[in-house]
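The values are calculated or read from the model by the stated rules, or taken from the named source; none is laboratory data. This structure is a prediction, so every number in the text was calculated from the model and none was measured. Using ideal geometry, Cβ is built from the backbone for each residue, glycine included, and neighbour counts are taken over all protein chains shown.
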Amino acid sequence: MSESSTKDVRIADLAQLGGEQVRLRGWLYNSRGKGKMLFLLLRDGSGICQCIVRSDLVSEPCFENAKRLTQESSVLITGTVQLDDRAPGGAELVADSVEVHQIAEPFPIGKKEHGPGFLMDHRHLWLRSKKQMALLRVRHRVLKSFREFLDDQGFFCVDSPIFTPNACEGTSTLFQTEYFEDTAYLTQSGQLYAEASAMALGKVYCFGPTFRAEKSKTRRHLTEFWMLEPEMAWADLTDVCDLAEGMIRYTIRQLLEHAQADLADLERDPATLEAWDCEWPRLPYDDAATMLLEWQKEGKYESEFKPGDDLGAPDETVLGEHFGCPVMVTHWPKEVKAFYMKRDPDDESKVLGVDIIAPTAGEIVGGAVREEDHDVLLGRIHDHDLPEEAFQWYLDLRKFGSVPHGGFGIGLERTVSWLAGVEHVRECIPFPRTLQRIYP
Ligand code: 4AD
Ligand code: MG
């Protein structure tokens, strides 16, 4: 839509357009006025800009238009860009015309406090709040950084299917669906298919929605979340750890460089992020277990954890607090991990897996070296009571040029909640699906 000869621009670009006549198109975020001067805060998705409307500079109908605007009314404002260091984004617009597209009905979300239930019911409108817009942009930047990092290292993006005939992460959390005359499951992870792709292209990643029918009601669980999963041929556990750490630290640096305004809207101190761009400790599970037991004895925290158990939320929290940065827990007891993880040749009771535990957020990454021996893998499939027929293709990968390989999965929402300092993952996805929610 460009009826006028004036250039349509986005708010984020205004700082480069000082003195120029431009048109902004957006929604009214807020307004205040005194007499012959109105200050309209306009948002267009790229930022928020103060537009100054003076009755002596615009026509009378324009000034009347500006006065009737309600919150979220859609509006087109033409004017001159005025650079000002004190203005958010470094620029304001001095209006010479205000054109109303639609006057919005009273907007249900105002400045007063709303409860999370109300906000979630109005998620389609809540997305327009300052913090939610910042989170959506941070989410975009995190994903862009993941992909940039991998693309620059020669990885290929190869998508895995969403309808699958079998489980990947265990059968207890599968969503089942009709598939013509048959049954299919919504994928829990693209990993098994990424392994096949890695045997074709060497270094790959998949990114897509994944589904877990967990009856968990915690602030860290969604039933539908987005996961990025790199997979590398010829990789050992150190390679897997190096890749995950490198990719996430790159992402932190990208946020610090490109998302300053969003971090400010989220009241996130950049120094917190800077501190995490350090070398991350790598800790075998047994050492982590010893520390946790010690802390329980000292009364530092309470937990039912005992050696051999998976880590629970309190255990992850206390580990994160202790190190003050992400910690990589490796060499897990085989009983608590998935069937495909390779046994540790130095200790048959362990698998070559890694979880990355981030301060306050808990587990953000799960990864491993994969079992590459056909017969051992078949035994693991039987141990886990998985249907052998459904895994024939996966077993084939161990018959035709099997190689050591591994990778990891990183949950996008968990990562965003950690980096943005947002308590609940439900705010880190546009339309969250949880145990209790599938609307809007
Ligand atoms: O540890 P998980 O279950 O690992 C896998 O799915 C492997 N197949 C990945 C791989 O090696 N390619 O899940 C990986 C990550 C978790 O660390 C977490 O960040 C996220 O996915 N995640 C969830 N995020 C939100 N809600 C849930 N219910 C999640 N479950 C896992
Ligand atoms: Mg895991």
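Out of the residues in the stretch 116-130 that are in contact (Cβ under 8 Å) with a residue 60 or more places away in the chain and within 17 Å of SER74 (Cβ to Cβ), state the one that is nearest to the chain's Cα centre (by Cα).
Result: LEU127.
Which condition number in (1) surrounded by fewer than 14 Cβ atoms within 10 Å (Cβ to Cβ); (2) in contact with a Gly (Cβ under 6 Å, 6 or more places away or on another chain) is the one that PRO106 fails?
Among (1) surrounded by fewer than 14 Cβ atoms within 10 Å (Cβ to Cβ); (2) in contact with a Gly (Cβ under 6 Å, 6 or more places away or on another chain), the lone unmet condition for PRO106 is (2).
Kindly indicate whether TYR193 is without any contact (Cβ under 8 Å) to a residue 24 or more places away in the chain, on the phi < 0 side of the Ramachandran plot and hydroxyl-bearing (Ser, Thr, Tyr).
So TYR193 does not fit the description; no.
Which members of the stretch 88-105 meet the condition of being of a type in the set (A, V, I, L, M, F, W, C) and under 12 Å from LEU76 (Cβ atoms)?
LEU93, ALA95, VAL98, VAL100
State whether one or more residues within the stretch 237-251 are crowded, with 18+ Cβ neighbours inside 10 Å, over 27 Å from CYS325 (Cα atoms) and of a type in the set (S, T, N, Q).
no
Taking the residues in the stretch 351-388 that are within 16 Å of ligand 2 (Cβ to nearest atom) and either not assigned by TED's automatic domain parsing to the domain that holds THR171 or not hydrophobic (A, V, I, L, M, F, W, C) (or both) as candidates, determine which candidate is surrounded by the fewest Cβ atoms within 10 Å (Cβ to Cβ).
Only one residue fits best here, namely HIS384.
Restricted to the stretch 20-69, and to residues that are out of contact with any Phe, Trp or Tyr (no Cβ under 7 Å at 6 or more places or on another chain) and polar (S, T, N, Q), which residue is surrounded by the most Cβ atoms within 10 Å (Cβ to Cβ)?
Among those that are out of contact with any Phe, Trp or Tyr (no Cβ under 7 Å at 6 or more places or on another chain) and polar (S, T, N, Q), it is ASN65.
For ARG219, indicate whether it is more than 16 Å from ligand 2 (Cβ to nearest atom) and not β-branched (Val, Ile, Thr).
Considered against the rule, which asks whether it is more than 16 Å from ligand 2 (Cβ to nearest atom) and not β-branched (Val, Ile, Thr), ARG219 comes out as yes.
What residue, of LYS203, LYS215, is among the basic types (Lys, Arg), more than 15 Å from the chain's Cα centre (by Cα) and buried (at least 16 other Cβ atoms within 10 Å of the Cβ)?
LYS203
Taking PRO345 as the residue in question, decide whether it is under 16 Å from ARG220 (Cβ atoms), over 21 Å from the mean Cα position of the chain (by Cα), away from ligand 2 (no atom under 15 Å from the Cβ) and assigned by TED's automatic domain parsing to the domain that holds PHE225.
No.
Mind checking whether some residue in the stretch 183-192 is exposed (fewer than 15 other Cβ atoms within 10 Å of the Cβ) and either away from ligand 2 (no atom under 16 Å from the Cβ) or over 20 Å from the mean Cα position of the chain (by Cα) (or both)?
Yes.
Limited to the stretch 389-416, what total is found for residues that are within 16 Å of ligand 2 (Cβ to nearest atom) and either without any contact (Cβ under 8 Å) to a residue 40 or more places away in the chain or in a helix (DSSP H, G or I) (or both)?
Counting residues in the stretch 389-416 that are within 16 Å of ligand 2 (Cβ to nearest atom) and either without any contact (Cβ under 8 Å) to a residue 40 or more places away in the chain or in a helix (DSSP H, G or I) (or both) gives 4.
Could you please give the count of residues in the stretch 338-376 that are more than 9 Å from ligand 1 (Cβ to nearest atom), assigned to a loop (DSSP other than H, G, I, E, B) and either in contact with a strand residue (DSSP E or B) (Cβ under 6 Å, 6 or more places away or on another chain) or of a type in the set (D, E, K, R) (or both)?
Final tally of qualifying residues: 5.
What are the pairs with Cβ atoms under 6 angstrom where one residue, in the stretch 219-236, is more than 7 Å from ligand 1 (Cβ to nearest atom) and the other, located anywhere, is β-branched (Val, Ile, Thr) and part of a loop (DSSP other than H, G, I, E, B)? Sequence gap at least six, or different chains.
Pairs that qualify, where the first residue is more than 7 Å from ligand 1 (Cβ to nearest atom) and the partner is β-branched (Val, Ile, Thr) and part of a loop (DSSP other than H, G, I, E, B), are ALA233/VAL403; TRP234/VAL403.
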